[in-house]
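Report on the structure given below.
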Amino acid sequence: MWTHLQIELYKIFKRPRTYLAFAAITALIGVIQLGLKVDGKEYTEFVMADFATSFSVDGNILNGYFICYVILQLLLVHVPLLIALIAADMISGEANMGTLRLLLTKPQSRTAILLAKFFAAVVYTLLLLIWIAIMGLLCSMLIFGTDDLFLMKSSYVVIVKESDVFWRYAGAFCFAALAMVTVAALGFFLSFFAENSIGPIVATMSVIVVCTILSTMNIPLFNTIKPFLFTSHMNNWKEFFDFKVNDANEAIIGSIQNPQKIIQSSCILFAHIIGFVGSAIILFRKKDILS
Amino acid sequence: MQHILKVSNLTKYFGNLTAVNDLSFNVGAGDVYGFLGQNGAGKSTTIRMLLTLITPTDGDIELFGYSLKTHRKEILRQVGAVIEKPDVYKYLSAYENLKLFAKLSGIKPDHALLMNQLEMVGLANRANDTVKTFSQGMKQRLGIAIALVHNPPLIVLDEPTNGLDPQGIADIRNLILQLSRAQKKTIIVSSHLLNEIEQIATRILIIDKGKKLVEDSAAALFDSTQTILQVHTTNNAEALEKLSQSTWANHLKPMRDGLLIFQLSQEQIPQLNIDLVKLGIELLSLQPRNSLEDYFLQITAGKQYVDTFTN
C-alpha cells in the first residue's frame with residue numbers, strides 16, 4: 001500500500017498539470033495581495049462605509065489576518081476546480097491512457113490500488129491547502145503585518161484579538177481541508193464512470209454548482225435536503241471566527257460560538273467522503289476492464 | 001507434462017452476448033501456446049479473464065496449481081502480460097516506467113536489472129527518453145520489458161504484433177522464440193494472424209465465436225506427410241470437371257482464389273503432374289503448401305474465413 005501510494009504520488013508530481021494548480025494559486029493570491037497593497041485603503045473604506053458613522057477604528061485593519069480571510073473567501077470557491085483536475089483524472093485518466101489494464105494485472109488488490117490513488121489525491125489536496133496557507137496567511141503576515149482581525153458580518157462586527165487568531169486559522173484550514181477532500185472524493189467517484197478526464201472534471205464541477213445553488217436557494221422543496229448536501233457545509237470554516245461573549249459582552253478568548261455546527265458539518269463531510277470512496281471501491285471491484 | 005494453466009468450462013456473457021462459451025484447455029510448462037481466432041472470437045476476453053481483468057460468468061481457471069479466484073495475488077506475481085496496445089505512462093521515461101511497474105510487480109528493482117531489461121529489448125540507449133517520443137514498435141518492446149522485469153515463468157501476450165511494421169513483427173517473433181528457447185518461459189500468445197502463430201507456437205488453440213474448434217500440438221496440426229498443392233491451369237473450371245471424374249477426385253479440396261487445391265503426399269505430386277498432362281490440362285503452375293492457413297482450410301472448409309485471417 002505504501003509503495004503504491006509513493007508510486008501514485010510520483011505519477012502525480014511528474015505531470016506538468018499538477019503544477020498548474022500551484023501556479024494558479026500563487027498568481028491569484030499574488031494578484032489579491034498586490035491589489036490590496038496598492039488600493040487597500042480604498043477597499044477598507046468601501047467595506048466600512050456602513051460602519052463609518054458609528055465606528056472609529058484604530059490600528060491596522062488591512063493586516064495579514066484580514067487579507068488571508070479575504071483570500072480564503074475568494075479562493076475556496078475556485079479551488080475545487082483545481083482539485084477536480086487531479087482527483088477526477090485518477091481512474092479515468094488511467095483508463096484513457098490504457099494503463100489501467102496493465103496496472104490491474106499486477107499483484108495488487110483492486111481495493112489497494114484504489115485506496116492508494118485516493119490517498120494520493122488527498123495528499124495533493126492537502127499540499128494545495130498548505131500552499132494556500134503559506135501564500136495566503138504567512139506571506140500576507142509578512143507583507144501586511146499583524147493586528148487584531150476585524151470582520152464585518154451581515155449584521156454585526158467581529159474583532160478577534162491578534163493573540164486569538166492563529167489557532168482559528170489552523171482550525172479553519174483543517175476544516176477547509178476536509179471540505180476539499182470531499183470534493184476530491186466526489187471527483188474520484190465520478191472518475192470511475194468515464195474513460196476520459198474531461199467528463200469527470202466537468203461533472204464534478206457541475207455537481208458542486210448544482211448543489212451550491214440548492215444549498216443557497218430558500219425554497220421549501222429543497223430545504224429538507226439542504227442539511228444533507230455537502231455544499232451546505234463547505235463554508236463552515238467561518239464558524240472558527242465566531243466566538244462566545246461573556247455577560248459584559250467581551251469576547252471569550254479561545255471560544256467558538258457554535259462548535260456543534262463545526263462537528264456536525266465535519267461528520268457530514270466525512271460521511272460523504274466514505275460514501276463516495278466506498279461506492280467507488282465496491283463498483284470498481286466488480287468492474288470488467290474491457291477497453 | 002506439467003500443466004501451468006488449466007482452464008475448465010470457462011464462460012463469459014456480456015448481457016445476451018456469449019463471448020466465451022464453455023472453453024476448456026491446458027497449457028504445459030515451456031509451451032508457446034498459440035491462441036488463434038478471428039477478431040471477436042473471444043481471445044481477448046479469455047486472456048483478460050486469465051489476468052483477472054474480467055470476471056468469468058462460469059468456469060474455473062487454475063494457474064500454477066492454484067485457483068485464480070482464491071490466489072489472485074500469488075498467481076499474478078508469476079505472470080507477465082502485454083495486453084493489445086502497449087500503453088504506458090507517456091510522460092515518464094522508459095526507465096521510469098519500467099522501475100514503476102517493477103515495484104508494482106513486487107520486486108525491488110536495481111539499476112543494473114532495469115538496464116539489462118531495456119538492453120534485452122533494444123531500448124537501453126533510449127532509457128531516459130519520455131515514452132511519448134517512442135514509435136509503436138518501441139512501446140511494444142517496452143511493454144514486453146515490463147512484462148518480463150520480475151522474471152515471471154508465464155508470459156501472456158495478447159495480439160503483441162498489432163500495429164507493428166514487418167520489422168517490428170519480426171523483432172517480437174524473435175524475442176518470443178528467444179524467451180521460449182533460451183529462458184524456458186511458458187508463453188501464451190494470441191493473434192488473428194495465422195502465419196505469426198504458425199512460426200512460433202508449439203501448441204495451438206483455435207476458437208471461434210467463443211467456442212473451441214481445435215486444440216493440438218503444432219506438429220500434429222501440420223501433418224508433414226500431407227501437402228496442400230495449389231494448381232493453376234489455363235482453364236481451372238474445365239480442369240476441375242475433368243479431375244472430378246478421375247482417380248484424383250478424392251484428393252480435391254474446394255477451390256480457393258480460383259485455384260485447384262489438392263491434398264496429397266509429396267510422392268504423389270510427380271504422378272499428378274503426368275496425369276494432368278494426359279488429361280489435356282494445360283498447367284501454369286504447381287505450388288506445394290503446408291501451413292496453418294491450409295489447415296484452416298481443412299477444418300473450416302471456407303475461403304471467407306481464411307481470408308479474414310490472412311488479410
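Worth a mention:
- Strands (runs of 3 or more DSSP E) completely within the stretch B:27-118 that count 2 or more residues being closer than 22 Å to B:Gly143 by Cβ, hydrophobic (A, V, I, L, M, F, W, C) and within 13 Å of chain A (Cβ to nearest Cβ): B:79-83
- Criterion violated by B:Gly168 - all others in (1) small (Gly, Ala, Ser); (2) under 18 Å from the mean Cα position of the chain (by Cα); (3) open to solvent by 40 Å² or more (accessible area, probe 1.4 Å) satisfied: (3)
- Residue selected from the stretch B:10-23 under the condition open to solvent by 80 Å² or more (accessible area, probe 1.4 Å) and over 21 Å from the mean Cα position of the chain (by Cα), by the criterion farthest from B:Phe35 (Cα to Cα): B:Asn16
- Scan the stretch A:13-49 for residues that are open to solvent by less than 40 Å² (accessible area, probe 1.4 Å) and hydroxyl-bearing (Ser, Thr, Tyr) and the total you get is 2.
- Members of the stretch A:87-111 that are more than 14 Å from every other protein chain (Cβ to nearest Cβ) and not small (Gly, Ala, Ser): A:Ile91
- Pairs linking a residue in the stretch A:45-59 that is farther than 17 Å from A:Ser154 by Cβ to a residue that is modelled with pLDDT of 70 or more, with Cβ atoms under 6 Å and 6 or more positions apart or on different chains, are A:Gly59/A:Asp147.
- Just one of the numbered conditions (1) open to solvent by less than 10 Å² (accessible area, probe 1.4 Å); (2) modelled with pLDDT under 90; (3) within 30 Å of A:Ala185 (Cα to Cα) is not true of A:Leu149: (3).
- Taking the stretch A:67-85 as the range and being open to solvent by less than 10 Å² (accessible area, probe 1.4 Å) and hydrophobic (A, V, I, L, M, F, W, C) as the test, the residues that pass are A:Ile67, A:Cys68, A:Ile71, A:Leu72, A:Leu75, A:Val79, A:Ile83, A:Ala84.
- Flag: B:Asn250 does not match the condition of being surrounded by fewer than 18 Cβ atoms within 10 Å (Cβ to Cβ), in contact (Cβ under 8 Å) with a residue 12 or more places away in the chain and over 30 Å from B:Glu96 (Cβ atoms).
- Filtering the stretch B:181-195 to residues that are open to solvent by less than 20 Å² (accessible area, probe 1.4 Å) and not β-branched (Val, Ile, Thr) leaves B:Lys185, B:Ser190, B:Ser191, B:Leu194.
- Enumerated strands (runs of 3 or more DSSP E) restricted to the stretch B:123-220, each holding at least 1 residues that are hydrophobic (A, V, I, L, M, F, W, C) and within 14 Å of chain A (Cβ to nearest Cβ): B:154-158, B:186-191
- Test: residue in the stretch A:258-266 that is more than 14 Å from A:Val181 (Cβ to Cβ) and touching a residue at least 40 places away in the same chain (Cβ under 8 Å): yes
The values are calculated or read from the model by the stated rules, or taken from the named source; none is laboratory data. The structure displayed is predicted, hence computed values, not measured ones. Using ideal geometry, Cβ is built from the backbone for each residue, glycine included, and neighbour counts are taken over all protein chains shown. Side chains are part of the model used for accessible areas, which takes the heavy atoms of the whole protein and leaves out ligands, DNA and RNA. Shrake-Rupley method; radii C 1.70, N 1.55, O 1.52, S 1.80 Å.
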